[in-house]
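Written below as structure tokens is the structure these notes are about.
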Amino acid sequence: MKILVDENMPYAQTLFSRLGDVQAVPGRPIPREALLGADALMVRSVTKVNADLLTGTGVKFVGTATAGTDHVDEAWLAAQDIGFSAAPGCNAIAVVEYVFSALMILAQRDGWQLRDKTVGIVGVGNVGSRLQARFEALGVKTLLCDPPRAARGDAGPFWPLEKLVAEADILTFHTPLYKDGPYRTQHLVDAELLAALPDNRVLINACRGEVVDNAALLAALNGGKVLSTVLDVWEPEPDLSLPLLRAVDIGTAHIAGYSLEGKARGTTQVFEAYSRFLGQPHAVPLETLLPVPDVSEVTLNGSLVAHLDEGTLLRLMHLVYDVRRDDAPLRRVAGIPGEFDKLRKFYQERREWSSLCIQCDDEATAALLTRLGFTARLR
Ligand SMILES: NC(=O)C1=CN([C@@H]2O[C@H](COP(=O)(O)OP(=O)(O)OC[C@H]3O[C@@H](n4cnc5c(N)ncnc54)[C@H](O)[C@@H]3O)[C@@H](O)[C@H]2O)C=CC1
Ligand SMILES: O=C(O)C(=O)[C@H](O)COP(=O)(O)O
């Protein structure tokens, strides 16, 4: 059995070799000759999986170690009776921690406190709901927009996007990319929305580049719109607009989801799905794969809760992950062919907040840190 895996999929060799012969290949594009004779294909978001890629191959199962699936023609796979699995939620925590880092940096730079702001979350799935839970832990007001969930009768409240545009200080987008249909998200942020957005707001896109009309955003920023902008994803990738990169406050190379835990969950989720598909189910506990983090324990003296000190919180968050480490390298190499993908391929190890154990003095602080996603212990 031959299993092709994207070369940027940590732990794929270790895991998939339990099921067959593994060959690691570049994902953008996958070499056609490698596909011939392959039984299964494990990709990431950079590979377009469709009839053009797979017709005439013997591939019977496709896994994508990603949350988004817009690069996969699922209807075509189903029509060909090719098995498919994504990795829903695998990197949601990483995206949440990216958003927090970005917001804390802007707050410090511009002299505001997160707790005084209202955050509008557009798309309240794996990322958005975790984001909301952490904001709630900090007492930050959120407004949620998720029309598909509202239509399903899920508990909200969910609001129309227009209300978030009018009332939220921070708008953060976490929807799938839908190019058509009733919940189309392509260019959800367009010239009209940008014009309606009052000045001094924050806009974050960490879902898919096409959810924001990049040309309209650049025109708005060039036209004097006062908007702090954080973009992890671009239209198009990898050839992002250099003027837009210069105009945004924080810009990164589609790495919001790139914690080691997030990538490892992605690989294990598709491995487990493929093993079930083959009728040989395996379960892989994440802790059996992950290395010890560089910094694993700190002591926090005093209470974080008595008067919530966002400066201390920022320092704790940034002991684990500070988004500026990803903004600077993109600005250095953007525009040089191949460099966007290289930043992603040779990504410096990044861990999630849960990898940091914080020893603290009081129960309320420990409870808050735990709700935020750190590991907290009373000393
Ligand atoms: N930058 C990165 O590294 C990453 C990007 N992503 C992207 O973020 C997206 C969201 O991730 P998850 O939360 O894990 O996905 P998810 O599928 O769990 O949640 C998406 C939510 O968006 C909602 N939604 C759909 N259409 C909408 C619309 N028109 N308006 C508002 N809400 C809408 C859905 O009902 C769902 O609740 C993924 O589809 C993926 O494209 C995900 C992980 C990492
Ligand atoms: O999971 C998703 O969806 C993402 O956007 C991934 O974080 C993107 O990573 P790659 O698949 O492009 O390595």
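In Å, what is the Rg of the alpha-carbon atoms in the chain, and how long is Dmax?
Radius of gyration, then largest Cα-Cα span, for the chain: 21.1, 65 Å.
Using the heavy atoms of the protein chains alone and a 1.4 angstrom probe, what is the accessible area of the stretch 183-339 per residue in square angstrom? All intermediate terms of the calculation are to be shown ahead of the outcome.
Numbers: 6710 Å² over 157 residues.
So the stretch 183-339 comes to 43 Å² accessible per residue, rounded to a whole number.
Can you tally the net charge around residue 226? Count Lys and Arg as +1, Asp and Glu as -1, for every other residue whose Cβ sits under 15 Å from the Cβ of residue 226.
Neighbourhood net charge equals -1.
Which order do the peptides 284-296, 84-96, 32-44 come out in when sorted by mean C-beta neighbours inside 10 angstrom, highest first?
84-96, 32-44, 284-296
When the accessible area of the chain is computed with all protein chains present and a 1.4 Å probe, what percentage of it is carbon and sulfur?
The computed percentage sits at 51.
Give the residue from 103, 221, 198 lying farthest towards the positive end of the charge dipole for the stretch 92-251; charges sit on Cβ (+1 for Lys and Arg, -1 for Asp and Glu) and the dipole is referred to the Cα centre.
103
Any aspartates and glutamates with Cα under 15 Å of the residue 345 Cα? List them, leaving off those in the same chain fewer than 8 positions away.
Leaving aside aspartates and glutamates fewer than 8 places away in the same chain, those within reach of residue 345 are 6, 7, 237, 326.
Largest first, please: the extent of the C-alpha atoms of the stretch 66-140 along each principal axis, to the nearest Å.
56, 21, 17
Taking just the alpha-carbon atoms of the stretch 92-251, what radius of gyration and Dmax come out, in angstrom?
Just the Cα atoms of the stretch 92-251 yield Rg and Dmax of 14.6, 42 Å.
Just round it to a whole percent: the fraction of Cα-Cα distances in the stretch 248-296 exceeding 14 Å.
63 percent
Taking N as the number of residues in the stretch 4-61, what is its alpha-carbon radius of gyration divided by 2.2 N^0.38 Å?
The stretch 4-61 yields a ratio of 1.04.
Any idea what the dipole of the stretch 92-251 comes to, in debye rounded to 20, about its Cα centre with Lys/Arg Cβ at +1 and Asp/Glu Cβ at -1? Walk me through the numbers before you get to the answer.
Values: 15 positive and 20 negative charges, 79 e Å.
Its charge dipole is roughly 380 debye.
Among 9, 143, 77, whose Cα lies farthest out toward the positive end of the dipole of the chain, if unit charges sit on the beta carbon of Lys, Arg (+1) and Asp, Glu (-1)?
The one lying farthest along the dipole's positive direction is 9.
Relative contact order, percent, of the stretch 92-251 when contacts are C-alpha pairs under 8 Å separated by at least 6 residues?
Contact order relative to length: 18 percent.
Return the loop-located GluC sites (Glu not before Pro) in the stretch 342-379 (DSSP other than H, G, I, E, B) with at most 13 other Cβ atoms within 10 Å of their own Cβ; answer none if there are none.
349
Which value, in debye to the nearest 20, gives the size of the charge dipole of the stretch 239-360 about its Cα centre, when Lys and Arg are +1 and Asp and Glu are -1 at the Cβ?
360 debye
Which angle between 0 and 90 degrees, to the nearest 10, do you get for helix 324-333 versus the longest principal axis of the chain when only C-alpha atoms count?
60 degrees
Using alpha carbons only, how many angstrom separate the centre of the stretch 21-60 from the centre of the stretch 310-379?
33 Å
Treating only the Cβ of Lys, Arg, Asp and Glu as charged (+1, +1, -1, -1), what charge dipole size does the chain show about its Cα centre? Round to the nearest 20 debye.
340 debye
Leaving out ligands and nucleic acids, and using a 1.4 Å probe, what accessible area per residue does the stretch 19-147 come to in Å²?
Result: 36 Å² per residue.
With angles folded into 0 to 90 degrees, how steeply does helix 310-320 sit against the dominant principal axis of the chain? Use alpha carbons for both and round to 10.
For helix 310-320, the angle is close to 20 degrees.
If the cut-off is 29 Å between C-alpha atoms, which lysines fall inside it for residue 342, apart from same-chain ones fewer than 8 positions away?
The qualifying lysines are 2, 48, 179, 263.
Any chance you could check the Cα centroid distance between the stretch 112-170 and the stretch 203-227 for me, in angstrom?
Spelled out, the Cα-based centre of one part sits 20 Å from the other.
The values are calculated or read from the model by the stated rules, or taken from the named source; none is laboratory data. The structure displayed is predicted, hence computed values, not measured ones. Every residue, glycine as well, gets a Cβ built from its backbone with ideal geometry; the counts of neighbours run over all protein chains shown. Calculation scope for accessible area: heavy atoms of the full protein, side chains included, ligands and nucleic acids excluded. Shrake-Rupley method; radii C 1.70, N 1.55, O 1.52, S 1.80 Å.
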